[in-house]
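Taking it in order: structure first as structure tokens, then the write-up.
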Amino acid sequence: MNCRICSKLLQEYLEDSISEELISELNEHLKECRSCEIFFRTYSLTVRLSQRIEPPCCVSSDKIERLTSLLNERLFPK
Amino acid sequence: MSKPAKKLSDTALVSEIKHGDAEAMEEIVRRFSNKVYNLAFHLTRDASAAEEIMQEVFLTVLSKIHTLTNEAYFATWLYRVTTNASYGFLRKEKKYSDQTLIDDTNSEHTAVYDWSTLPDDILLSEESSTVLRRAIDTLPDTMRTVVIMKDVEGLRNEDIAQTLGLTVPAVKSRLHRGRLVLRETLSDYFRKYSDPSGEGE
């Protein structure tokens, strides 16, 4: 495996969509190539940090109530 | 409705709404309002716009729910309406840019500083989270939308593709390029913690 293939496989690896055989090849390459190893680690960590971003807020129950009232009035008029 | 709305699947709720069930509609709003708000907020970066969009989305979705032939696609449809409404807001505000071309030809193996070994209190600090959030905000809109949907909101590639009218490979490509840009930004930010002797390089 070369560096180019390694970086192309990284995304598939994170999606858990490559075969065991390719994973072993990838791991072998990462053991030998410091540059790819760092790329792999920092790319994966970038994804994990993005996944930790907090949602902006929760919509309050008051707002949900107002919204459902509005929807009821508009969609199911008495 | 025989079962309480809270115990019904999304698909069953949508079917009940089509029959005019107000309780099912309220449950759908409860289940999806945060998701709609968060996606709209991430895309517009504007809290009051996100609230307006949330209202507009539910009005649109529920008034057109009879046109949804397969109830199983409700969530995807909801995200599509939310994305379109958010883009509509950005266009109106002239904040939307469809530029997707970022030169990433050199970005894959540059910046070899290994910041992944930094301690958690640095990696997970409020400051680094702010840096990352700002970097996401400055991605071109089409790339940002995919990164937010996938990495922040946790949607599947297939659902993102359907929501945005893209192919799955196109979603993956935008996601990868977006992640490369974010990785570069984080590398630049974390470099200040590198060993001044250069051993960390």
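Meeting the requirement of 3 or more residues that are within 10 Å of chain A (Cβ to nearest Cβ), closer than 25 Å to B:M54 by Cβ and modelled with pLDDT of 90 or more, the helices (runs of 4 or more DSSP H) wholly within the stretch B:76-189 are B:126-137. Restricted to the stretch A:2-51, and to residues there that are more than 7 Å from chain B (Cβ to nearest Cβ) and among the basic types (K, R), the residue that is nearest to B:R179 (Cα to Cα) is A:R48. All conditions but one from (1) surrounded by fewer than 22 Cβ atoms within 10 Å (Cβ to Cβ); (2) touching a Ser or Thr at 6+ places or on another chain (Cβ under 7 Å); (3) within 24 Å of B:N34 (Cα to Cα) apply to B:Y113; the one that does not is (3). Figure legend. Inter-residue proximity from the stretch A:18-29: first residues on the phi < 0 side of the Ramachandran plot, second residues in a helix (DSSP H, G or I) and of a type in the set (S, T, Y), beta-carbon distance below 9 Å, spacing 6+ or different chains. Indicated pairs: A:L22/A:Y13; A:I23/A:Y13; A:L26/A:Y13. Please determine, by comparing only the residues of the stretch B:14-46 that are within 24 Å of the chain's Cα centre (by Cα), free of Cβ contacts under 8 Å to residues at least 60 places away in the same chain and more than 7 Å from chain A (Cβ to nearest Cβ), which one is farthest from B:E153 (Cα to Cα). Top of the filtered list is B:E27.
The values are calculated or read from the model by the stated rules, or taken from the named source; none is laboratory data. Remember, predicted model here, so these are calculated numbers, not experimental data. Cβ atoms come from the backbone with ideal geometry, glycine included; neighbour counts cover every protein chain shown.
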